[in-house]
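Trainee: Please read through the structure below; I'll follow up with questions.
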2 protein chains.
Amino acid sequence: MSRTWNQYIVKQENKALVLKTIIEHTPISRAKVAQVTGLNKGTVSSLVSELIDEHFVMESGPGESSGGRRPVMLLFNQAAGYTIALDLGVGYIDAALTDLNGEIMVKKHAKMHERQFDTVFEHIVSTIHTLMKEMKKSPYGLVGIGMGVPGVVNHEGEILLAPNLNWKNIQLKQALNDVFDVPVIVENEANAAAYGEMRFGFKTPPKHMLYLSVGMGIGMGMVLDQKLYTGLNGFAGEMGHITIVKDGINCRCGNAGCFERYASEQALLEQAIKRGLVTGNEEASVDLLIQKATENNEAVIALFKEIGEYIAIGITTMINLFNPEQILIGNQLSKLQPWIKEDIQAYVYSHAIGFHSKKVTVDFTSPNHLSTIKGMASFTIENFLLSIKQTEE
Amino acid sequence: MSRTWNQYIVKQENKALVLKTIIEHTPISRAKVAQVTGLNKGTVSSLVSELIDEHFVMESGPGESSGGRRPVMLLFNQAAGYTIALDLGVGYIDAALTDLNGEIMVKKHAKMHERQFDTVFEHIVSTIHTLMKEMKKSPYGLVGIGMGVPGVVNHEGEILLAPNLNWKNIQLKQALNDVFDVPVIVENEANAAAYGEMRFGFKTPPKHMLYLSVGMGIGMGMVLDQKLYTGLNGFAGEMGHITIVKDGINCRCGNAGCFERYASEQALLEQAIKRGLVTGNEEASVDLLIQKATENNEAVIALFKEIGEYIAIGITTMINLFNPEQILIGNQLSKLQPWIKEDIQAYVYSHAIGFHSKKVTVDFTSPNHLSTIKGMASFTIENFLLSIKQTEE
DNA sequence: TAACTTTGTCCAACATATAGACAAACAAAA
DNA sequence: TTTTGTTTGTCTATATGTTGGACAAAGTTA
């Protein structure tokens, strides 16, 4: 049975439209909402009063008059509920309690070198419990938990493979749902970051955006038409394993010449060691190399530029395939920005097909942007608002 | 002003749903439509009677009884209007008159070695006029013209670059609109073929499908969520110019190591000549080489397999990036299928990330499938039905 | 102070989907 | 044949929700 259209649906859609308008323009008057949406004033009034009853909207005293009766300003009640979003990284766990606007209320950061799933899971659960205690009384309470992970996640929230954690076939969503009775969303870290940046990183969100996560491995999050694209099973964006050098270096994936064998954090560190840029008693790390580069270590800077060129090749491929509006480079290697940004932009400019006619921007975003956290919060919030709409039908 | 929802919209949407159901299930009774859509029988009755008034639907005598009153069968009136779809190839022009179901009524094929735009355009116009004369009297007449071209087309129907025709910045849509007073759609050939195959090539259309057009150049049509994806400006799918061999053969695009320098018809012919597989008085062509391969010419077969391996690398990239349900290889080099299909499938199977968990099928489609024509017809028909809906609002 | 503006509510009019009754047309069992 | 039950499609009453306009309240401006 397909979706039919009747009065109930019309009402739910209009109500969602009104709420969306209030969220985007908060604070705003009923009259303005009617003007912006094109709905009749009366319709807006009645829908708003329902939204107030449901605690999604609040009235906040009178606003400025524009030559007539002063408007009653409406606010989105971002405190009507909370989400908990987590970013499970390699070596750390970030977590945050957010309101319904995705604004971070409380933040937690923990180093985590243990990789055994049971141990990590225990830590996750206790972190969530801690954050839950920080919630103030609210009409809807915790509306969802979102979790970004560095691995391949299917549409059922199962982690099929997380090479850098050494995890395989972990039913993470199921495990969390066994403990917490709220909707749980598990998504790939790059996908979440892509969405988070699209939603919160721009004045006007780009139509098509690609986020290249260059960490230990390389992943790509694709936001096409402002919606996350994940492919048939959820595995889209395996950018790290496209071939850019035929018959190149072998990759553990079974392929050879994979992008991430040349452009990732791992590739960077391997090369640094191989070239003797790290002395015996130093531990190879991005930060260490950056320090050396800052001290004008020519060899390190040259290595950065080499890695940068490979990244540029990947970016060019992305542009040629997707004709996006925006490309964002994130995760660890975005820290190399000062040494590679100009070169990458120059390379892309001269190598992408018909670049001049395209209006693509290539930028960097820093790891402390919390893109993944924000993206996961967005997913849970949108999922919650959608579920409200549907249960009312 | 955003889109609001009211009774008019509800009615138009439901009417569209009823029409879609009739098109997909033709012949079908009103009762069945109600059952399939979930709409009330009365609602279906009144909408159907409007559709009949508008000549989109016809009644065709009584159907088989299933133990009660015999149903009145409804047919989609595919003869309510016509479209003309063209496939502008390198060296030929295909054209067809189709009904509103996209079924081809009249077909024209013409060799065309002249590349001067004015000459080609004249030929196009006269072909369209010829086909228009074949139309029978119908309520809506010609509802649109669709044209697939081997080049980069923007959203305004302008051909920015068609290297194999040596065209640049041609306002094709505008030129056609100056002559014909119907909606004109111009689209890249691979995009059209992708859509055409998705719509007509499967029992159940795949959710995400990629069509790799391997001709003189290489283009990719992307149908994601059963909708054509063309990127910000319409330039998405420039698969021919992604780098698969770093510092490889130079390409006229300014890049080096481009996919189409290794896997296209052009690459094939160049190599054949270079290796002396074509004698002085023969003209190098795909068909000639196929003939030699059929005669068990080992060197030619080896060349085919080499080209096949490069194609496989490209396909693997596509799978890793998009996690599609279906991949289709089309255009000239699909003729190499007998020599390369198995190798490609084996390569993809062993090189694509987590292949086993993915349900992707890699197939070939022959050039005489008229995929491009059918895709362009689909575009014009859908555009027409949409415009009807909107003008009624 | 009077006249005009803006805001938000209320109410009648209208459009359209739904449920259910009903008649027509048929098949199968008695 | 007759009867019974089923399926189809139409019709009517009802419910719902939007629209447009009237109107009061609360401002501003001349």
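The values are calculated or read from the model by the stated rules, or taken from the named source; none is laboratory data. Treat the numbers as computed from the prediction; the structure is a model and nothing was measured. Virtual Cβ from ideal backbone geometry, glycine too; neighbours counted across all protein chains shown. Note: accessible area is taken over every heavy atom of the protein model, side chains too, but ligands, DNA and RNA are not part of it. Shrake-Rupley method; radii C 1.70, N 1.55, O 1.52, S 1.80 Å.
Trainee: At a probe radius of 1.4 Å, figure out the A/B buried accessible area, summed over both chains, and give it in Å² to the nearest 100. Display every interim value, and only then the final one.
Mentor: Working: alone 19640 and 19680 Å², together 34300 Å².
Between A and B, the summed buried area is about 5000 Å².
Trainee: Binned at 10 Å from 0, what are the whole-percent values of the Cα-Cα distance distribution for region A:31-91, short to long?
Mentor: P(r) over region A:31-91, rounded to whole percents: 19, 39, 22, 11, 8, 2.
Trainee: Right, here's the next one. Straight distance only, please: which aspartates and glutamates reach the Cα of B:LYS374 with their own Cα at less than 20 Å, same-chain residues fewer than 8 apart left out?
Mentor: Of all the aspartates and glutamates, those that pass the test against B:LYS374 - Cα under 20 Å, at least 8 places apart if same chain - are B:GLU24, B:ASP87, B:ASP94, B:ASP99, B:GLU103, B:GLU134, B:GLU187, B:GLU189, B:GLU197, B:ASP225, B:ASP363, B:GLU382.
Trainee: Relative contact order for chain A using alpha-carbon pairs under 8 Å, separation at least 6, rounded to a whole percent?
Mentor: Result for chain A is 15 percent.
Trainee: Return the subset of A:LYS11/B:LYS227; B:LYS136/B:LYS227; B:LYS133/B:LYS389; B:LYS107/B:LYS136 for which the Cα-Cα distance in this structure is over 20 Å, preserving the input order.
Mentor: Details: A:LYS11/B:LYS227 28 Å; B:LYS136/B:LYS227 32 Å; B:LYS133/B:LYS389 28 Å; B:LYS107/B:LYS136 15 Å.
Pairs exceeding the cut-off: A:LYS11/B:LYS227; B:LYS136/B:LYS227; B:LYS133/B:LYS389.
Trainee: Could you give the size of the charge dipole of region B:146-239 about its Cα centre, using +1 on the Cβ of each K and R and -1 on the Cβ of each D and E, expressed in debye and rounded to the nearest 20?
Mentor: Details: 6 positive and 9 negative charges, 67 e Å.
That gives a dipole near 320 debye.
Trainee: Label position 7 Å from Cα toward Cβ: report the copy-to-copy distances for A:GLU54 in nm, one decimal, ordered from shortest.
Mentor: Once sorted, the set of distances for A:GLU54 reads 3.1 nm.
Trainee: Here is a further query. Between A:PHE121 and A:ALA346, what FRET efficiency comes out of the Förster formula 1/(1 + (r/R0)^6) with R0 = 41 Å and r the beta carbon distance, rounded to 0.05?
Mentor: Numbers: r = 46 Å, r/R0 = 1.11.
Plugging the Cβ-Cβ distance into 1/(1 + (r/R0)^6) gives 0.35.
Trainee: Another question, then. If A:HIS123, B:HIS25, B:HIS241 are ordered by their accessible area, calculated over protein heavy atoms with a 1.4 Å probe, which sequence runs from highest to lowest?
Mentor: Descending accessible area places them as B:HIS25, A:HIS123, B:HIS241.
Trainee: With equal scatterers on the alpha carbons only and no solvent term, can you work out the Debye log10 of I(q)/I(0) for chain A at 0.07, 0.08, 0.10, 0.11 1/Å?
Mentor: With one equal scatterer per Cα and no solvent, log10 I(q)/I(0) is -0.38, -0.49, -0.74, -0.87.
Trainee: Could I ask something else about it? Restrict the search to region B:52-87; then list the GluC sites (Glu not before Pro) that DSSP places in a loop and that have at most 14 other Cβ atoms within 10 Å of their Cβ.
Mentor: B:GLU64
Trainee: What is the distance in Å between the Cα centroid of region B:100-124 and that of region A:258-295?
Mentor: 58 Å
Trainee: To the nearest whole number, what is the average tally of beta carbon atoms from other chains within 10 Å of the beta carbons of peptide B:245-255? Walk me through the numbers before you get to the answer.
Mentor: Working: counts 7, 10, 1, 2, 0, 0, 2, 0, 5, 5, 9.
That works out to 4 on average.
Trainee: Here is a follow-up. Using the Cα centre of chain B as the reference point, and only Cβ charges (+1 on K/R, -1 on D/E), how large is the resulting charge dipole? Debye, rounded to the nearest 20.
Mentor: Working: 35 positive and 42 negative charges, 211 e Å.
Taking the Cα centre of chain B as origin, the dipole is about 1020 debye.
Trainee: Moving to a separate point now. Straight-line reach from B:LYS341: which lysines have a Cα under 16 Å away, not including same-chain ones fewer than 8 places off?
Mentor: B:LYS305
Trainee: If I compute solvent accessible area with a 1.4 Å probe over the protein chains, what percent of it on region A:197-267 is carbon and sulfur? Walk me through the intermediate numbers first.
Mentor: Details: 1040 of 2250 Å².
Ligands and nucleic acids excluded, carbon and sulfur give 46 percent.
Trainee: How many Cβ atoms of partner chains, on average, are near each residue of B:220-232 if near means within 10 Å of its Cβ?
Mentor: On the way: counts 2, 0, 3, 0, 7, 4, 0, 2, 0, 6, 3, 12, 11.
Taking all residues of B:220-232 together, the mean is 4.
Trainee: Which whole-Hz couplings ³J(HN,Hα) result when phi for each residue of region B:145-158 is put into the Karplus expression 6.51 cos²θ - 1.76 cosθ + 1.60, θ = phi - 60°, listed in order with x for Gly and Pro?
Mentor: My calculation for region B:145-158 gives 10, x, 9, x, 10, x, x, 8, 10, 8, 5, 9, x, 9 Hz in order.
Trainee: Hey, another quick one. Given a 1.4 Å probe and every protein chain left where it sits, what share in percent of the accessible area of region B:312-361 is carbon and sulfur?
Mentor: Details: 840 of 1690 Å².
About 50 percent, which is the carbon plus sulfur part of the accessible surface.
Trainee: To the nearest µm²/s, what D does Stokes-Einstein give for region B:201-368 at 10 °C and 1.306 mPa s, using the Kirkwood radius over alpha carbon pairs as Rh?
Mentor: Details: Rh = 16.6 Å.
The Stokes-Einstein estimate is 96 µm²/s.
Trainee: Using 0.36 nm per residue, how much length does the chain from B:GLU306 to B:ASN101 gain when fully extended, once their Cα-Cα distance is taken away? Each step should come with its number before you reach the end.
Mentor: Values: separation 205, 0.36 × 205 = 73.80 nm, distance 4.09 nm.
Extending this stretch completely gives an extra 69.7 nm.
Trainee: If each label sits 7 angstrom from Cα along the C-beta direction, how far apart, in nm, is B:GLY280 from its counterparts in the other copies?
Mentor: 7.0
Trainee: Rounded to the nearest 0.05, what FRET efficiency is calculated for A:GLU156 and B:SER60 with R0 set to 56 Å and r the Cβ-Cβ distance?
Mentor: Calculated transfer efficiency: 0.80.
Trainee: Please give me the summed charge of the neighbours of B:GLU187: other residues whose Cβ is under 15 Å from its Cβ, Lys and Arg +1, Asp and Glu -1.
Mentor: Details: positive: B:LYS173, B:ARG199, B:LYS227, B:LYS374; negative: B:ASP87, B:ASP94, B:GLU156, B:GLU158, B:GLU189, B:GLU197, B:GLU238, B:GLU382.
Combined, the nearby Lys, Arg, Asp and Glu give -4.
Trainee: Going by average Cβ neighbours within 10 Å, how do the peptides B:291-298, A:70-77 rank, with the highest at the top?
Mentor: Details: B:291-298: 13.0, A:70-77: 18.4.
So the peptides B:291-298, A:70-77, ranked by packing, come out A:70-77, B:291-298.
Trainee: Kirkwood hydrodynamic radius, computed over distinct alpha-carbon pairs, for region B:1-106: how many Å, to one decimal?
Mentor: Working: mean 1/r = 0.0635 Å⁻¹.
Evaluated on region B:1-106, it is 15.7 Å.
Trainee: Still on this structure, please answer the following. Per residue of region B:163-180, what does 6.51 cos²θ - 1.76 cosθ + 1.60 with θ = phi - 60° give for ³J(HN,Hα)? Whole Hz please, x for Gly and Pro, Karplus curve as stated.
Mentor: Running phi through 6.51 cos²θ - 1.76 cosθ + 1.60 with θ = phi - 60° gives x, 6, 9, 6, 9, 8, 6, 9, 7, 5, 4, 4, 4, 5, 5, 5, 9, 10 Hz.
Trainee: Considering the dipole of region B:305-393 built from charges on the beta carbon (Lys and Arg +1, Asp and Glu -1) around the Cα centre, which of B:ASN368, B:ILE329, B:ILE340 is farthest to its positive end?
Mentor: So the residue furthest toward the plus end is B:ILE340.
Trainee: Please compute the contact order of region B:201-368 in relative form: average sequence separation of alpha-carbon pairs under 8 Å and at least six residues apart, divided by the residue count, as a percent.
Mentor: Working: 259 pairs, mean separation 38.6, N = 168.
Relative CO of region B:201-368 lands at 23 percent.
Trainee: For region A:7-76, what is the charge dipole size about the Cα centre, in debye to the nearest 20, if Lys and Arg each add +1 at the Cβ and Asp and Glu each add -1 at the Cβ?
Mentor: Values: 8 positive and 7 negative charges, 54 e Å.
Dipole about the Cα centre, nearest 20: 260 debye.
Trainee: Size of the protein assembly as shown along its principal axes in angstrom, Cα-based, largest extent first?
Mentor: For the protein assembly as shown, the Cα extents along the three principal axes come out at 75, 72, 61 Å.
Trainee: If you don't mind, there's one more thing I want to ask. If I build a Gaussian network model for chain A, linking alpha-carbon pairs within less than 10 angstrom, which residue out of A:LEU288, A:LEU303, A:LEU328 has the largest mean-square fluctuation?
Mentor: Answer for the Gaussian network model of chain A: A:LEU288.
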